[in-house]
Ligand SMILES: Cc1cc2nc3c(=O)[nH]c(=O)nc-3n(C[C@H](O)[C@H](O)[C@H](O)COP(=O)(O)O)c2cc1C
């Protein structure tokens with residue numbers, strides 16, 4: 001059986017499956033359930049110092065199903081960060097760490113553009129014993145109206161300054177969570193790493209309009225007849241998340257082909273992948289593109305906490321099939337197969353030429369020489385026979 005354990009930024013996880021920030025990590029009860037079901041780590045629902053400013057609405061979710069089936073493929077939410085008071089969270093962080101001292105609890109935090117507030121939230125969470133931070137620079141709805149979340153994540157300069165404040169106060173690892181609602185996700189990620197963050201997490205939800213009800217003519221989800229664009233998640237976003245994780249990994253780790261000159265800018269930092277993960281095979285793909293850990297949020301809302309066990313079995317079966325003993329053995333393996341379109345065209349041309357030569361019996365590689373056909377093969381390579 002393969003070894004699924006990972007050590008990331010000094011944190012020891014029994015497996016790479018992490019509860020992503022959202023409803024599955026929204027209070028001590030459900031966080032405890034996640035640890036009982038053997039999730040590798042839990043990132044709590046994003047907390048802030050003043051929850052009284054957070055007012056949620058209902059309904060706040062809308063789902064997209066595959067045509068003609070019950071299968072949920074897309075999920076939109078207009079949910080804000082945690083509306084529970086910070087003092088209650090402090091109490092719960094302590095209780096969770098008391099009960100599960102060896103398990104990894106990551107506090108997702110978010111504040112306005114205010115140095116004192118960021119330092120205060122970092123120091124108070126640390127005092128409760130959490131193991132790491134994830135900075136939410138990525139919530140696409142609601143919070144940007146207060147210049148929080150994606151509004152910061154879309155501004156690399158601002159983000160670098162805030163990450164600097166956090167890293168000045170933090171004594172534990174810090175991951176910056178990126179918004180996909182930007183043209184080049186590497187730009188804010190580079191700023192976060194420059195400011196000293198140990199890791200990058202990506203992606204948060206993709207800004208979306210789920211649909212318009214053709215009876216009422218109102219956009220959904222409808223609250224008192226009106227709506228706002230929300231965040232799209234679940235398996236429909238996975239190809240976009242894979243692309244962005246590939247871009248981030250290429251910036252951080254380079255081509256991953258073992259050649260020193262192709263190394264990336266941040267070889268020693270970590271990458272946590274998020275977006276539409278529901279199976280061990282999904283996770284394997286993100287790891288092949290450079291991720292050390294893989295987060296799941298919507299999947300837990302659809303399948304429940306027990307999916308961790310199934311995903312571990314699936315990932316382990318994948319590793320056994322390829323004889324990978326550890327996660328590190330195949331992390332980033334597939335990055336080297338990305339190239340330019342021009343290179344694809346050249347490769348196609350070369351392959352065609354080689355095939356033609358082989359068909360005509362021409363030797364193009366030294367391994368093709370055969371003892372019985374040696375003279376015939378030599379003759380075929382002669383350009384002119386005067
Ligand atoms: C209902 C809901 C609430 C979420 N709340 C948060 C949050 O508080 N903080 C955060 O960083 N991300 C939040 N997210 C984003 C997820 O953590 C994750 O980045 C995104 O949904 C993509 O992953 P998934 O397809 O596994 O859900 C939320 C997602 C959903 C669906």
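Scanning for something under 15 Å from the mean Cα position of the chain (by Cα) and within 26 Å of residue 126 (Cβ to Cβ), does region 202-214 turn up at least one residue?
Checking region 202-214: at least one residue is under 15 Å from the mean Cα position of the chain (by Cα) and within 26 Å of residue 126 (Cβ to Cβ).
So which of 229, 221 is assigned by TED's automatic domain parsing to the domain that holds residue 42, within 12 Å of the ligand (Cβ to nearest atom) and more than 19 Å from the chain's Cα centre (by Cα)?
Matching residue, one of 229, 221: 221.
Looking at region 354-367, which of the residues that are at pLDDT 85 or above and surrounded by 13 or more Cβ atoms within 10 Å (Cβ to Cβ) is nearest to residue 380 (Cα to Cα)?
362
If I filter region 237-281 down to residues being over 12 Å from residue 333 (Cα atoms), out of contact with any strand residue (DSSP E or B) (no Cβ under 9 Å at 6 or more places or on another chain) and assigned to a loop (DSSP other than H, G, I, E, B), which single residue comes out as nearest to the ligand (Cβ to nearest atom)?
279
Determine if region 68-76 includes at least one residue that is closer than 30 Å to residue 331 by Cβ, surrounded by fewer than 17 Cβ atoms within 10 Å (Cβ to Cβ), within 16 Å of the ligand (Cβ to nearest atom) and in contact (Cβ under 8 Å) with a residue 12 or more places away in the chain.
Yes, region 68-76 contains at least one residue that is closer than 30 Å to residue 331 by Cβ, surrounded by fewer than 17 Cβ atoms within 10 Å (Cβ to Cβ), within 16 Å of the ligand (Cβ to nearest atom) and in contact (Cβ under 8 Å) with a residue 12 or more places away in the chain.
Listed residues 284, 291, 308; which is assigned by TED's automatic domain parsing to the domain that holds residue 256 and part of a loop (DSSP other than H, G, I, E, B)?
Of the residues listed, the single one that is assigned by TED's automatic domain parsing to the domain that holds residue 256 and part of a loop (DSSP other than H, G, I, E, B) is 291.
Residue 195: more than 22 Å from residue 145 (Cα to Cα) and touching a strand residue (DSSP E or B) at 6+ places or on another chain (Cβ under 7 Å), yes or no?
No; evaluated as a whole, the condition is false for this residue.
The values are calculated or read from the model by the stated rules, or taken from the named source; none is laboratory data. Bear in mind that the values here come from a model prediction, so they are computed numbers and not experimental data. Methodologically, a virtual Cβ is constructed for each residue, glycine included, from the backbone with ideal geometry; neighbour enumeration extends over all protein chains shown.
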